[in-house]
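Nothing in this text is a laboratory measurement; each read-out follows from the coordinates by a stated rule. These numbers come from a predicted model, not from an experiment. Virtual Cβ from ideal backbone geometry, glycine too; neighbours counted across all protein chains shown.
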Amino acid sequence: MGRKYRFPAKFRLKSRKSIEAVFASNESVLCHPLLCRYRIITDVGAQPEAAFAVPKKNFRKSVERNRIKRLMREAFRLNRQEFLQPDANPNAPLQMVFVYLDRKISPYNIIHQQMSRILTSLRQKVS
């Protein structure tokens with residue numbers, strides 16, 4: 001297994017200020033049960049960054065929220081290469097926050113399929 005499938009810290013969106021800026025922008029893509037809020041970064045040399053959220057309102061137990069976030073991270077990690085292909089616009093990296101909307105835990109194959117659809121749709125919008 002190569003290094004291209006890793007999800008290092010430089011690809012994680014961690015800053016509270018950046019996350020608020022992503023939610024303030026009205027750009028989003030919906031593929032149920034996932035919603036992707038995103039913002040195009042104008043900084044020179046910026047990397048695409050991603051964060052994952054599961055509402056506490058829908059899943060009271062942290063174990064369930066963490067499991068869903070793990071499933072979303074894994075689906076993103078495996079589909080990220082498709083999103084970062086050379087024909088995608090390298091001058092427009094994105095900050096993305098993926099939000100899980102459903103009230104029950106979906107199987108991994110559904111999350112993976114919808115993540116793939118979201119990233120394909122984002123790639124078309126940015127290009």
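Odds and ends about this structure:
- Using the Cβ-Cβ distance between K10 and E74 with R0 set to 22 Å, the FRET efficiency works out to roughly 0.75.
- The chain: relative contact order in percent, alpha carbon pairs under 8 Å with at least 6 residues between: 37
- Among beta bridges that DSSP assigns inside the range 11-126, antiparallel share in %, nearest 5: 65
- The angle between the Cα long axis of helix 62-83 and the longest principal axis of the Cα atoms of the chain comes to about 30 degrees, rounded to the nearest 10.
- Rounded to 10°, Cα long-axis angle of helix 108-126 versus longest principal axis of the chain: 30
- Descending by average beta-carbon neighbour count within 10 Å, the peptides 70-78, 107-115, 13-21 line up as 70-78, 107-115, 13-21, the highest first.
- Where only alpha carbons of the chain are counted, the Rg and the Dmax (Å): 14.0, 41
- Other residues with beta-carbon under 13 Å from the beta-carbon of A24 carry, at +1 per Lys or Arg and -1 per Asp or Glu, a net charge of +2.
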